[in-house]
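Each remark here refers to the structure printed beneath this line.
The values are calculated or read from the model by the stated rules, or taken from the named source; none is laboratory data. All values derive from a computational prediction rather than experimental measurement. No Cβ is skipped: glycine too gets one built from the backbone with ideal geometry, and neighbour counts run over all protein chains shown.
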Amino acid sequence: MTFLAVGINYNTAPVSVRERLSFPANILENSLKELLRIKEIREAAILSTCNRTELYCTATDANTQTLIDWVANTKQINPEDFAPYLYFHTDKSVCRHIFRVACGLDSMVLGEPQILGQMKTAYQAAYDAGALGKNLGTLFQHTFTAAKKVRTDTAIGSSPVSVAFAAVQLAQQIFDKLSEQTALLIGAGETIELAARHLSQQGIKRIIIANRTFDKAHSLATQFNGYAISLSEIPTHLAEADIVISSTASQLPILGKGRVESALKIRKHKPMFMVDLAVPRDIEAEVEQLRDVYLYTVDDLQNTIDQNMNSRRLAAEQAEEIIDTQVDYFFAWLRAQGAQTTIMDYRAQAEQSRDEALQKALLLLKNGIPAEEALNRLAHTLTNKLIHTPSTQIRAAAENERHDLINAAREIFKLTKSS
């Protein structure tokens, strides 16, 4: 039995290739069942995200061509169109790779936490499809343990490395309780969606989303129990906002000094925290001159992000050491499985000897033999049965000068030298 992994990711393949090899949730179960129909494949799981698609398997041999052919047939793609972008792992390399992926060490954003949840989803899908057995299932469990240890024992996830996360963290430093604040988010792209997600996770009281296209604003707002408005409605709602985060593609500023000044008067100069993540700027630079405004640009946050990336790189070095240890733990477990059959056979043999000796002792008691004598005979018989075969084999080893077997016997039975 061997472990196999085949995959592509953001480093090896453009999105035009990655999207053709994706496995959305609605086809995952059937895909796994089809994969298991390959006679060499024993267990399987598929991790499919926007940045990577990876197949993890246990198989009777290390023939990765079988998996390439299956992907080509399943996706109706010529192997030549995607095979050059693939990477492969076997056995210990699979273990190290899946650990690194789950810990965010192989991610576009070093140490990002979302991949662990995606890995757990892949595990659950494989489990539900009946595609996991003991070996791959245990590898996933060790993967989750390794990721948890890296998160607990290093600082890899403690510092924000996205401008959206950094903006929300800064807001938390300015306001004691986000649960009492209202946020106005301008735009409806990925950055604003991340900001809304982080604010929602931190318990923000209210979210207003403004966008040039109202339908996009409404679609995003409904995800976070927010309220959608058009850009033209911003002047009406600006005074409600304690936090303003803007990220649009507008070539002209959306908020000027005069408009913000008017909102501050309505707020009775209650402070307003503003983050402009757009390039070119959405908020006029002169807004920073207003006394009750804390305005930050993407450059201000980028300095924090760069420092945090350096911190994550140092934490990643610690994470690699943890992964080394966890890989060793898993393969120690895997090696121990090779002795499991022997242990079970030895236990069965011992239990058979016990049962035979017990039946003889019960028969003695039934025939009137005193209990003490019956127990002595039981102990004597059971001892003889248990040591007879090992004694015979050790004696034969000595006759054949197999000192290695004799030393192994001493180690297995933990024998101390007699005086």
Review point. What about residue 156, is it in contact (Cβ under 8 Å) with a residue 12 or more places away in the chain, closer than 20 Å to residue 44 by Cβ, crowded, with 21+ Cβ neighbours inside 10 Å and in contact with a helix residue (DSSP H, G or I) (Cβ under 8 Å, 6 or more places away or on another chain)?
Key: no
Review point. Any chance the stretch 297-307 includes a residue that's assigned by TED's automatic domain parsing to the domain that holds residue 178 and farther than 29 Å from residue 111 by Cα?
Key: no
Exercise for review: Output yes when any residue across the stretch 214-228 is in contact with a His (Cβ under 6 Å, 6 or more places away or on another chain) and over 20 Å from residue 304 (Cβ atoms), and no when none is.
Suggested key: yes
Review point. Here is a list of conditions, (1) over 24 Å from residue 28 (Cβ atoms); (2) assigned to a helix (DSSP H, G or I); (3) touching a helix residue (DSSP H, G or I) at 6+ places or on another chain (Cβ under 7 Å), and residue 140 meets all of them except one; can you say which number that is?
Key: (1)
Practice item. Kindly state which helices (runs of 4 or more DSSP H) lie completely within the stretch 340-419 and contain at least 2 residues that are at pLDDT below 85, on the phi < 0 side of the Ramachandran plot and of a type in the set (S, T, N, Q). Key: 340-366
Exercise for review: Check the stretch 267-287 and report whether any residue there is free of Cβ contacts under 8 Å to residues at least 40 places away in the same chain, of a type in the set (Asp, Glu) and not in a helix (DSSP H, G or I).
Suggested key: yes
Exercise for review: Please state which of the following conditions residue 382 fails to meet, knowing it meets all the rest: (1) farther than 20 Å from residue 415 by Cβ; (2) surrounded by 14 or more Cβ atoms within 10 Å (Cβ to Cβ); (3) in contact (Cβ under 8 Å) with a residue 12 or more places away in the chain.
Suggested key: (1)
